[in-house]
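The structure appears below as structure tokens.
The values are calculated or read from the model by the stated rules, or taken from the named source; none is laboratory data. Quick caveat: nothing in here was measured; it's all calculated off a predicted structure. Glycine gets a Cβ as well: all are built from the backbone with ideal geometry, and neighbour counts include every protein chain shown. Keep in mind that these areas ignore ligands, DNA and RNA; they rest on the heavy atoms of the full protein, side chains included. Shrake-Rupley method; radii C 1.70, N 1.55, O 1.52, S 1.80 Å.
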Amino acid sequence: MKRREFLLGSGAAAGAFGLGALGVAANMSELVVQPASYALRDTVTSGMVSLSPDAPPPVLYGKQGEVMHLPVRNALADYTAMHWHGLRIPNDMDGVPYLTQMPMAQGEVFPYTFTPPDAGTYWYHPHCMTMEQMAHGLTGVMVIAEAEDPGFDSEQVINLRDFRLDENDQFLPAFTRRGAARSGTFGNVHTANWQNQPVYDHAAGGLVRLRVVNTDTTRIYKLHLQHGAARVIAWDGHPVAVDIPVPSAADPMLVGPGQRVDFAVAMPQNEGKVVELMAKFPGQPHQAIARLRAVGASAGRELRELQPLPPNPVARPDLANAELHEFVFGWTPEGGAPDNGFCGSLGENFWSINRKPWPGDAAQGVGPLATLEQGKSYVLRLRNESPNLHPIHLHGLVFVPLKSNLRSLPPLLTDTMLLLKDEVVEIALVADNPGDWAFHCHVIEHQKTGLTGYIRVV
Ligand code: C2O
Ligand code: CU
Ligand code: CU
């Protein structure tokens, strides 16, 4: 279906997905996007956005190869749409306003239904009013379990993000013009699962699967683990097939907005001992952002008992026959305001892909940045022409980095490639999921001020 036809046709569809669809979905619990209040610090912060009135967005659990029904209801006055980051699902479930569905008005329900083909750590967030709703809290983790139990004693999800609060613990504006035109506007309250340095109990001597997700709108985390034997077992959802050094204070791991890392952690043998997830914020020493505390008598397990996670069914690109496409990410000479329709604008364009700023989510007649043939292999050359870092995210497909002009990149399957200053990275993929797939920087201020486009697979 062409974009224009879709836009014409989808008004009726949006109506059909309205309240009337509820009966069909009666056995499934709705995810209700709604206003929330929560004490992130001392005082309750109001004006938050979550899926309950007083708690963070829950971890959503699914199983590889099993259908999930996730009807989303919009109980906000603003429009919304929900995106399932990293999942290779049908295009019409991808939650991108105007591109794959119409924005959801207040009271509307969209019956998201899909079967995740891959196990791993993923997440969800709105793709309409993205800046406001994400900055105010609506970023949650999705865990898709392997078809077979990989043998951990327990798991721990850590959703990392910052909030921008004033001295009364109320929201500051989500972005500044200066930030949007540079590396983004950083939050000043660091949280893990909306908590300040939470402590989680796990069996002493047990094996914990630690799933760390950066759902921040801006911050690139520098992470490492302290006081525990650990192994990196998955990156951006997918099991790692090569040895990745465990990050250390001297060599922390860069995890950009949208990215995930899974660790296997062997808990200390002695009750009360902790393993710390450490982060380095600019101008400050490394600090713990979450702790795992050993409890009970030692389970006596060891990392070497773990089998490698089974690989996800991702097709390997045929490099000998891959066609090359180039993408340049940089500032925009044009300026002008994007037309984001019902989905919120930051009012200006600072960024571009291939020197064209995205004209806006609701802009008409915008073609894809590239059209790929279904089933064929491609190499995409991603060139960062700016001094700022950009986590470049592609929906609906998984790719593998091949090479960089600045560093050696392990061949880890991913949906989000963090481009360093002046970096040129080649990635490869098989275009095996048809549709129009959003392709953008995951620093939301960049995404909403021009650094967005889409790739079509037909
Ligand atoms: Cu996680 Cu287009 O987004
Ligand atoms: Cu995504
Ligand atoms: Cu960016």
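Annotation: extensible slack from Thr176 through Lys356 equals 62.6 nm (criterion: 0.36 nm per residue apart, minus Cα-Cα distance). Select from segment 173-250 those trypsin sites (Lys or Arg not before Pro) which occupy a DSSP coil region and have at most 13 other Cβ atoms within 10 Å, ordered by residue number. Listed in order of number, the matching sites amount to none.
Please label the shape of segment 317-433 as rounded, prolate or oblate, based on the square roots a ≥ b ≥ c of the eigenvalues of the alpha-carbon gyration tensor (a/c under 1.5 means rounded; beyond that, a/b larger than b/c means prolate, else oblate). Write down the numbers at each step before the final one.
Numbers: a/c = 2.24, a/b = 1.45, b/c = 1.55.
Oblate is the answer for segment 317-433, as a/c is 1.5 or above yet b/c matches or exceeds a/b.
Taking amide hydrogens as placed 1.01 Å from N in the peptide plane, the amide H of Val96 sits under 5 Å from those of Gln101, each at least 5 positions away in sequence or on another chain.
Gain in length, Gln269 to Phe186, computed as 0.36 nm per residue apart minus the alpha-carbon separation, to one decimal in nm?
Numbers: separation 83, 0.36 × 83 = 29.88 nm, distance 3.81 nm.
Separation in residues times 0.36 nm, less the Cα-Cα distance, equals 26.1 nm.
Surface analysis of segment 319-457 yields an accessible area of 34 Å² per residue, using protein heavy atoms and a 1.4 Å probe. Annotation: amide H-H contacts under 5 Å for Ser386 (H modelled 1.01 Å from N, sequence separation of 5 or more, or interchain): Asp422. Shape descriptor for the chain: Rg over Rh equals 0.95 (Cα atoms; Rh from the Kirkwood inverse mean 1/r). Loop-located GluC sites (Glu not before Pro) across segment 214-311 with a Cβ neighbour count of 13 or fewer within 10 Å are Glu302, with loop assigned by DSSP.
Counting only Cβ charges, +1 for Lys and Arg and -1 for Asp and Glu, the dipole size of the chain around its Cα centre is about 720 debye.
Once you order the gyration tensor axes a ≥ b ≥ c over the Cα atoms, which shape class does segment 189-231 get: rounded for a/c under 1.5, otherwise prolate or oblate by comparing a/b with b/c?
Details: a/c = 2.40, a/b = 1.69, b/c = 1.42.
Judged from the Cα gyration tensor, segment 189-231 comes out prolate (a/c at least 1.5, a/b above b/c).
For segment 251-323, a simple Cβ point-charge model (Lys and Arg +1, Asp and Glu -1, everything else neutral) yields a dipole of about 300 debye relative to the Cα centre. Using R0 = 45 Å, the C-beta based FRET efficiency linking Ala250 and Glu334 works out to 0.55.
Quickly estimate the mean residue ellipticity at 222 nm for the chain, helices only: each DSSP H run with n ≥ 4 gives -39500 (n - 2.57), and the total goes over all residues, rounded to 500. Present the calculation step by step, with values, prior to reporting the outcome.
Numbers: 4 runs with 28 residues, N = 458.
Roughly -1500 deg cm²/dmol at 222 nm, from the helical runs in the chain.
Cross-link pairs exceeding 29 Å between alpha carbons, from the set Lys280/Lys448; Lys63/Lys403; Lys222/Lys376; Lys280/Lys356: Lys63/Lys403; Lys222/Lys376; Lys280/Lys356. Less than 5 angstrom separates the built amide H of Ala36 from those of Gly47, Met48, Val49, Ser50, all sequence-distant by 5 or more or on a different chain.
GluC sites (Glu not before Pro), restricted to segment 44-143: which are DSSP loop and have at most 11 other Cβ atoms within 10 Å?
Numbers: sites: Glu66, Glu108, Glu132; in loops: Glu66, Glu108.
Qualifying residues, ordered by number: Glu66.
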